[in-house]
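For reference, the structure is listed below as structure tokens.
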Amino acid sequence: MVVHQVPTPWRLLGTGNYAAVLYHPSYPQEVVKIYAPGRPGLTEEVEVYCHLGFHPAFSECLYAGKNFLVLKRLYGVTLYNCMHLGLRIPVQVIKDIDKALDYARRRGLHPHDVHGAMS
């Protein structure tokens, strides 16, 4: 997805193949994930958040609109940025990721789109 313009004072956090994630400075604890026009997957993503419940490693869906989600914002450095910047990734971080994926599996999910570029 390519974002050509972001209205002031919104800030773009990142883009993916089908959505962009933005935040408003007045609401720094939340992000808005906007799906590209005509892209499917929003309904399925809401279902995933419902199955996940509450876990510190995962965001939470606070609201779902027609083509956007309002999510709890997670802070931190991505694995991608660690590798790109040459930052050490502690073994505990990998163990924590494994635990979070195990939690998702116990909730009936099958994690498959897991990568280090999430923000």
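The values are calculated or read from the model by the stated rules, or taken from the named source; none is laboratory data. This is a predicted model, so every value here is computed, not measured. Cβ placement follows ideal geometry from the backbone for every residue including glycine, while neighbour counts extend to all protein chains displayed.
Table for the structure above
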| quantity | calculated |
| --- | --- |
| Strands (runs of 3 or more DSSP E) completely within segment 12-83 that count 2 or more residues being in the same structural domain as Leu101 (by TED's automatic domain parsing), out of contact with any Leu (no Cβ under 6 Å at 6 or more places or on another chain) and surrounded by 16 or more Cβ atoms within 10 Å (Cβ to Cβ) | none |
| Of the criteria (1) modelled with pLDDT under 95; (2) assigned to a strand (DSSP E or B), which one Pro111 fails | (2) |
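A quick yes/no check of all residues on (1) over 14 Å from the mean Cα position of the chain (by Cα); (2) of a type in the set (Val, Ile, Thr); (3) closer than 22 Å to Val31 by Cα:
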site: Val48; (1), (2), (3): no, yes, yes
site: His51; (1), (2), (3): yes, no, yes
site: Phe58; (1), (2), (3): no, no, yes
site: Gly65; (1), (2), (3): yes, no, yes
site: Tyr75; (1), (2), (3): no, no, yes
site: Asn81; (1), (2), (3): yes, no, yes
site: Arg88; (1), (2), (3): yes, no, no
site: Gln92; (1), (2), (3): yes, no, no
